[in-house]
Amino acid sequence: MKYKSLKGVHDIYPPDIFIWQRIENISRDIFRNYGYREIRLPIIESTEIFTRSIGETTDIVEKEMYTFTDKGGRSVTLRPEGTASFIRSYVEHYLYNEPSPQKFYYMGPMFRYERPQSGRQRQFYQIGAEVIGAESAMMDAEVISMLSLILERIGLDNLSFEITSIGCPDCRPAYTAALKDYIREKIESFCDDCRRRFDINPLRLLDCKVPSCIKEREGSPAVIEHLCGGCGEHLESLKHHLRILGVSFVINPALVRGLDYYTKTAFEVKSMSSSGSQNAVAAGGRYDRMVKEFGGPDLPGIGFAIGMERIIQLARSLNDEFEGPDIFICSLGDDESAKALGLANRLRQKGVWAEVSHDKASLRSQMNRANRIGAKSVIVIGENELKCNTAKLKAMKSGESSDVSLSADDIATALNKLVG
Ligand code: ATP
Ligand code: MG
């Protein structure tokens, strides 16, 4: 019996894993420089945490959640996104008592029951960032420019930063009324979901992916034209500070997010090299009411999430080189193998990636293996080498070699010179 992973759920293994690690390391380095600290959250939460914040009438909650009843009769859900879990944790552990603003990041799997296709999985990974306690649009600009730096360091280009404001509870009633007025007459031409959501959550109609609905809603009023004074100023200030930080962006008044909790700033980063509806590589926005709604103090928040699989797809072509061991120690005979094993161990303690052969393979097959795993250098210990306590260390790429004594110190020094 051969088993297979579930539909839409993938293993990540070499050589792809090297690209994943590279992206994670780049992100960690940049997060550090911006003062973000890691937070690790559970992947399973009470269902209510998501339904209340993401919104009962969103696609995520209505159609995409992995929700089940556990053996204790509780309704639990595999997290479809990170922000709701983060806010739950933030409030639960009184993290707001620390100096403001508080900046966190996380990396990990999310789960959505969607139709699997390229760039759309049922288990997918996000790198997310969240900042609580900063109201100024300067923070929005800083968050977006940090995201831009991460994507740039990964080596991605041809990206479009789309920005908008989706207003706040002050501007929303007037906007919602204008939107409903526009759509009311033709509501019969919309899909069942849209018709059902028209009265309870009309903003969701803007996010419907059904082609005929997209066509029908063309020309409908945009939130950005109905912003209150505060939200309008916030957006202007964001634009101003993005320019100061040198982030190119476009305003997209039609941009909406699939989650109800956003206020003011919303943004998406799209790849212009990939087409179709899976071209959003990262997305985020402001959620100024969420901490309070989760029972915490009235603190604003802003964050984003990068879709790992989608950036891997773009980054794969940039980087197929991966690192092999620094040294492969070949040996012939029992005493020589024991020497090799001991040397490898000491080299590893010194931070060198060393490999040895554990079976009595021929020299030819050991060399073959060294080549296949991409060893940067080899050394052969035979009877003679063991007797004289010296051997030739050879760099694979350049072919250069140098005589070294069979001590970990000497080999490490020579390696430094030969392969860096
Ligand atoms: P989309 O419009 O592509 O469905 P979304 O608005 O549902 O995206 P968000 O909730 O904003 O996605 O998540 C942020 C990012 O996570 C997306 O921009 C995307 O890169 C990635 N993402 C979301 N859903 C998936 C998925 N099912 N598979 C892979 N990546 C995903
Ligand atoms: Mg989606």
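The values are calculated or read from the model by the stated rules, or taken from the named source; none is laboratory data. Keep in mind it's a predicted model, so treat the numbers as computed, not measured. In this analysis, Cβ positions are derived from the backbone assuming ideal geometry, glycine residues included, and neighbour counts consider all displayed protein chains.
Residue pairs whose Cβ atoms lie under 7 Å apart, separated by 6 or more positions or on different chains, with the first residue in the stretch 247-261 and over 13 Å from Ser53 (Cα atoms) and the second away from ligand 2 (no atom under 16 Å from the Cβ) and part of a loop (DSSP other than H, G, I, E, B), are Pro253/Ala222; Ala254/Ala222; Val256/Ile166.
Okay, residues lined up against (1) out of contact with any His (no Cβ under 9 Å at 6 or more places or on another chain); (2) free of Cβ contacts under 8 Å to residues at least 12 places away in the same chain; (3) over 19 Å from Asp403 (Cβ atoms); (4) part of a loop (DSSP other than H, G, I, E, B):
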position	(1), (2), (3), (4)
Ile329	yes, no, no, no
Leu341	no, no, yes, no
Leu347	yes, no, no, no
Ser365	yes, yes, yes, no
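Counting residues in the stretch 250-262 that are closer than 29 Å to Ile87 by Cα, modelled with pLDDT under 95 and assigned to a helix (DSSP H, G or I) gives zero.
A single member of Gln313, Gln366 is in contact with a Cys (Cβ under 6 Å, 6 or more places away or on another chain) and closer than 25 Å to Pro15 by Cα, and it is Gln366. Criterion applied to Arg316, Arg289 was being away from ligand 2 (no atom under 16 Å from the Cβ), out of contact with any strand residue (DSSP E or B) (no Cβ under 7 Å at 6 or more places or on another chain), among the charged types (D, E, K, R) and in contact (Cβ under 8 Å) with a residue 60 or more places away in the chain, and the one residue passing it is Arg316.
Of all the residues in the stretch 60-113, those that are more than 29 Å from Asp207 (Cβ to Cβ) and among the hydrophobic types (A, V, I, L, M, F, W, C) number 1. Of the residues that sit in the stretch 275-287 and are surrounded by fewer than 21 Cβ atoms within 10 Å (Cβ to Cβ) and in a loop (DSSP other than H, G, I, E, B), which one is modelled with the highest pLDDT? By that ranking, first place goes to Asn279.
If we keep just the residues of the stretch 107-121 that are surrounded by 19 or more Cβ atoms within 10 Å (Cβ to Cβ) and farther than 11 Å from Leu78 by Cα, which is farthest from ligand 2 (Cβ to nearest atom)? Top of the filtered list is Met107.
Every test in (1) within 11 Å of ligand 1 (Cβ to nearest atom); (2) closer than 23 Å to Asp29 by Cα is passed by Phe86 save one, and that test is (1).
Put simply, of Arg204, Arg196 the only residue that is among the charged types (D, E, K, R) and under 24 Å from Arg289 (Cβ atoms) is Arg204. Considering the stretch 97-138, and only residues there that are of a type in the set (S, T, N, Q) and either away from ligand 1 (no atom under 12 Å from the Cβ) or in a strand (DSSP E or B) (or both), the residue that is farthest from the chain's Cα centre (by Cα) turns out to be Asn97.
Residues that are part of a helix (DSSP H, G or I) and crowded, with 19+ Cβ neighbours inside 10 Å within the stretch 386-407 comprise just one, Leu386.
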